[in-house]
Amino acid sequence: MEDFKKIKEFTDGVRLSGQEKAQLRANILRTVRTQTEPRHILQWSSIFSNFNQQLKPMTFAVYAALFLSLSIGGAASFAAESALPGDVLYSVKTSVNEKLKEVLAFSTESKGEVEASISEERLEEAAELAAQNRFDGEARANLEANFERHAEKVQIRIEELQNKGKGKAAADLSARFENSIEAHSRTLEKLDGEQMGKFLPKIGASMKATAKLRAGIEAPATTSVQVDSETVIESREENKTPEDEKSENDQEKEEGVDNSLFMNIKSRLGL
Amino acid sequence: MDEMEFIKSYDAYADAIFRHCYFRLYDREEAKDAVQETFLRAWKYSKDNRIDNVRALLYKIARNIVADKWRKKKTLSLDLLLEQGFEPSDGEHKKIMLNAEAKNFIKLLNNLDDNEREIVIMRYVDGLGPDEIAKIMSERAGRIGEAFSANVVSVRLNRAINKIQKLIQ
């Protein structure tokens with residue numbers, strides 16, 4: 001056991017089989033390819049072909065929202081996807097497009113996912129504004145407030161998942177959220193500016209709450225599981241109990257969403 | 001990073017990432033899940049950030065994922081693993097029994113704490129040099145300004161090895 005370097009001779013034999021490697025590659029690419037790029041033109045064929053697959057709830061909501069926004073608001077709300085604070089179409093982006101995405105997400109996991117992605121979007125907008133020298137005090141204040149709001153919603157969903165006994169999903173959501181905000185923050189750090197210097201600490205403070213939540217999830221558990229039984233493919237809708245439905249609808253009412261309009265849309269889509 | 005480059009980096013590094021995760025989680029399925037998650041997060045990261053060193057990024061992400069999984073993994077299937085031997089790569093052939101040295105290595109590794117084990121694995125299983133390890137460990141999510149130099153890595157590595165050698169005696 002003296003020569004540690006010999007270890008590699010044995011351990012190098014541990015690898016993925018050809019089949020396993022291909023399987024994972026296929027899984028990864030499938031997920032990579034079904035993600036939308038909000039700032040690019042969508043391919044019509046990919047929107048419609050995805051309606052036939054079992055999708056992750058999040059991508060379905062995104063596609064449905066964009067499809068709907070095209071039929072309702074037409075070019076305006078589609079173009080709004082890349083709007084920045086200060087642009088004419090920005091309010092369409094936040095009040096129509098993002099609201100649609102929130103409403104159309106079914107499961108708690110996907111709702112959490114939507115909120116996380118909206119929060120990220122705020123940071124992307126900050127970066128874009130800074131690049132265009134448009135990141136002023138007003139923009140900063142608005143983005144901060146909006147980010148905090150949506151980050152809080154992510155935290156609410158994480159807690160909900162925990163309370164439902166879906167510890168893995170809760171941990172996944174909080175880890176995914178933290179990692180992506182961390183990545184975005186690092187990009188923003190590289191941008192100079194007085195406003196950026198005030199903005200980033202606020203974002204960091206917001207994220208502390210999420211980190212605390214994550215620590216809470218990972219506190220010593222009494223049950224021991226080897227492979228978590230919650231590793232179900234998340235493209236299936238969760239089986240909601242009547243209580244779940246009720247509480248989620250109540251939540252929507254609290255958030256001031258105009259249910260009537262969206263209920264019509266939901267039923268027309270057969271949802 | 002476009003899709004072509006992404007696929008290339010998968011083909012190049014998937015096995016290495018798998019191996020790293022396997023020796024830390026002792027579970028094939030968990031390790032595969034970690035590989036998948038690592039590459040997905042790397043893809044997302046690449047959408048907003050330029051990547052200078054793909055391998056370092058992949059290891060950084062994998063470490064975070066393993067840390068998350070480790071915290072949730074309360075039962076160690078280590079004893080079971082050592083009894084039954086490693087699964088060979090495709091599960092079709094007879095299980096390969098670990099030779100005594102390898103068994104010892106794994107048992108010894110188990111006596112280290114997760115941080116020590118991580119460095120030993122990166123050095124002797126992954127074959128990374130102290131410089132590379134320092135780069136990989138230097139940006140830990142949530143901890144700002146933690147500086148990792150190759151020296152720090154070497155010091156920690158030596159400490160871990162000493163610990164192991166004391167256990168052998």
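For this structure, a couple of remarks:
- Scanning segment A:4-31 for residues that are in contact with a strand residue (DSSP E or B) (Cβ under 9 Å, 6 or more places away or on another chain) and either among the aliphatic types (A, V, I, L, M) or more than 8 Å from chain B (Cβ to nearest Cβ) (or both) returns a single hit, A:Val14.
- Filtering A:Phe135, A:Phe147, A:Phe106 for residues that are of a type in the set (Phe, Trp, Tyr) and either in a helix (DSSP H, G or I) or touching a Cys at 6+ places or on another chain (Cβ under 8 Å) (or both) leaves a single hit, A:Phe147.
- For segment B:35-47, the criterion of being charged (D, E, K, R) and over 17 Å from A:Val32 (Cα atoms) is met by no residue.
- Top-ranked residue of segment A:183-213 - restricted to ones that are within 13 Å of A:Ala151 (Cβ to Cβ) and within 12 Å of chain B (Cβ to nearest Cβ), ranked as most open to solvent (accessible area, probe 1.4 Å): A:Lys212
- Taking the numbered list (1) farther than 30 Å from B:Val66 by Cβ; (2) at pLDDT 80 or above in turn, A:Glu152 passes all entries but (1).
- Subset tally (residues that are open to solvent by less than 40 Å² (accessible area, probe 1.4 Å) and within 14 Å of chain B (Cβ to nearest Cβ)) for segment A:127-157: 2
The values are calculated or read from the model by the stated rules, or taken from the named source; none is laboratory data. Keep in mind the model is a prediction, meaning the values are calculated, not measured. Cβ: placed from backbone, ideal geometry, glycine included. Neighbour counts: every protein chain shown. Heads up: the accessible areas ignore ligands, DNA and RNA and are worked out on the full protein's heavy atoms, side chains in. Shrake-Rupley method; radii C 1.70, N 1.55, O 1.52, S 1.80 Å.
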